[in-house]
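The structure appears below as structure tokens.
The values are calculated or read from the model by the stated rules, or taken from the named source; none is laboratory data. Not measured: the values here are computed from a predicted model. Using ideal geometry, Cβ is built from the backbone for each residue, glycine included, and neighbour counts are taken over all protein chains shown. These accessible areas exclude ligands, DNA and RNA; they are computed on the full protein's heavy atoms, side chains included. Shrake-Rupley method; radii C 1.70, N 1.55, O 1.52, S 1.80 Å.
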Amino acid sequence: MKKDLLKLLDLTREDIHEILDTADQMKFSQKHHIPHDHLKGKTLAMIFEKNSTRTRVSFEVGMYQLGGHALFLSSHESQIGRGEPVEDTARVLARYCDGIMIRTFAQTEVEELAKKASIPVINGLTDFAHPCQVLADLMTIRERMTRLEGLKLAFIGDGNNMANSLIVGGLKCGMDVSVACPEGYDPDPVVLDFAKTAEGNRFELVRSPAQAVADADVVITDVWASMGQEEERAVRAKAFTGYCVDQKLMELTHPGCMVQHCLPAHKGEEISAEVFEAHADEIFEEAENRLHAQKAVLYLLMRD
Ligand code: CP
Ligand code: NVA
């Protein structure tokens, strides 16, 4: 593993499997009350420039369960919101803390922070990527389907941070990945270039949700307007007409097909309430697995 977790493009297939195996162990230890305070006395600084429920709570609880401590830094209340340069914040936090988790807009800000900080930096979501979420998704799929290799993952919706990370994570783990986005809402070109290099023609980008979900083992979707795009909501709702994951679409999938959603969900937009509730157990397990997957990342990056 490298010093940081900034995006799945930086990880090898072996790195991802090491995280997923460690995450399974973390989950087992937590469920069976086996002590695992591997990060005793260590502190994680969590910088949030966007809202969060799951990421904040799972990182904070995760650090506590590992015997360490996490502290919340909102950009509005810290000097970050008043323009203190990232390189200075990095050098200050490295003197108090053992790791930094950051949720922000530009991927370049996270990359810059990691370059300047001598301690590990973890991406807790940028406009480009959401690696911690996709590690939890892969963990959940593997847990329920017993494998990843050879399964078909279909993503329906916006070519956003989730789509970018799912394409990279899915392909690196040997899955077939099919993405349906409306024109103008494609995944990042860097990710599409990566997808072209995947062996065995395992990626397709199409306009038809029906084509993408055909025979899929797991269907994943996400909101049509991400954080920072609130003003585009009406325009996007129009552009994404026909991209709702509903029962009719699910009928085209492989029997036993799973559904994942990183949450929060806008039921009636990207997913019907019927499909959401039919797969709620899988979706909330995915949310739970954020905790276990991130504890694995924290342990692998911050242990002595
Ligand atoms: N899925 C996810 O990252 O949730 P939060 O925005 O609540 O952290
Ligand atoms: N794509 C969404 C994910 C939220 C967890 C966003 O960036 O807002």
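What to note about this one:
- Only Lys, Arg, Asp and Glu carry charge here, each on its Cβ (+1 for the first two, -1 for the last two); on that basis the stretch 177-304 has a dipole of about 180 debye about its Cα centre.
- Percent carbon-and-sulfur accessible area, the chain, ignoring ligands, DNA and RNA, probe 1.4 Å: 51
- Multiplying the residue separation of ASP186 and ASP21 by 0.36 nm and removing their Cα-Cα distance gives an extension gain of 56.2 nm.
- Net +/- balance of residues flanking PRO187 in space, Cβ distance below 11 Å, scoring K and R +1, D and E -1: -4
- Label positions at THR53 and GLU149, each projected 7 Å from the Cα along the C-beta direction, are separated by 3.8 nm.
- Net dipole in debye of the stretch 113-248 [+1 Lys, Arg Cβ; -1 Asp, Glu Cβ; about Cα centre; nearest 20]: 240
- CD proxy at 222 nm, helix term only [per DSSP H run n ≥ 4: -39500 (n - 2.57); per residue of the chain; nearest 500]: -13500 deg cm²/dmol
- Other residues lying with their Cβ under 13 Å from the Cβ of SER272 contribute a combined charge of -4, Lys and Arg counting +1, Asp and Glu -1.
- Net charge of neighbours whose Cβ lies under 14 Å from the Cβ of ASP176, counting Lys and Arg as +1 and Asp and Glu as -1: -1
- Among TYR185, TYR243, the order of accessible area from largest down is TYR185, TYR243, computed with a 1.4 Å probe on protein heavy atoms.
- Virtual spin-label span in nm between GLN79 and TYR96, 7 Å along Cα→Cβ: 1.0
- Theoretical gain in end-to-end length, LEU263 to SER208 [0.36 nm per residue, Cα-Cα removed]: 17.5 nm
- GluC sites (Glu not before Pro) lying in DSSP loop within the stretch 199-259, provided at most 15 other Cβ fall within 10 Å: GLU199, GLU251
- Taking all protein chains together and rolling a 1.4 Å probe, THR140 ends up with roughly 0 Å² accessible.
- Note on PHE72/LYS196: beta-carbon distance plugged into 1/(1 + (r/R0)^6) with R0 of 41 Å gives a FRET efficiency of 0.55.
- Potential lengthening between LYS115 and ALA237 on full extension [0.36 nm per residue; Cα-Cα distance subtracted]: 40.1 nm
- For the stretch 229-304, the normalised intensity computed at q = 0.23, 0.24, 0.25 Å⁻¹ comes to -1.04, -1.08, -1.13 (log10 of I(q)/I(0), Debye sum over alpha carbons, equal scatterers, no solvent).
- Our summary gives the chain a relative contact order of 21 percent, counting only alpha carbon pairs under 8 angstrom and 6 or more residues apart.
- When +1 charges are put on Lys and Arg Cβ atoms and -1 charges on Asp and Glu Cβ atoms, the dipole computed for the chain relative to its Cα centre reaches about 740 debye.
- Simple spin-label estimate for ASP246 and ALA280 in nanometres, 7 Å along Cα-Cβ: 2.1
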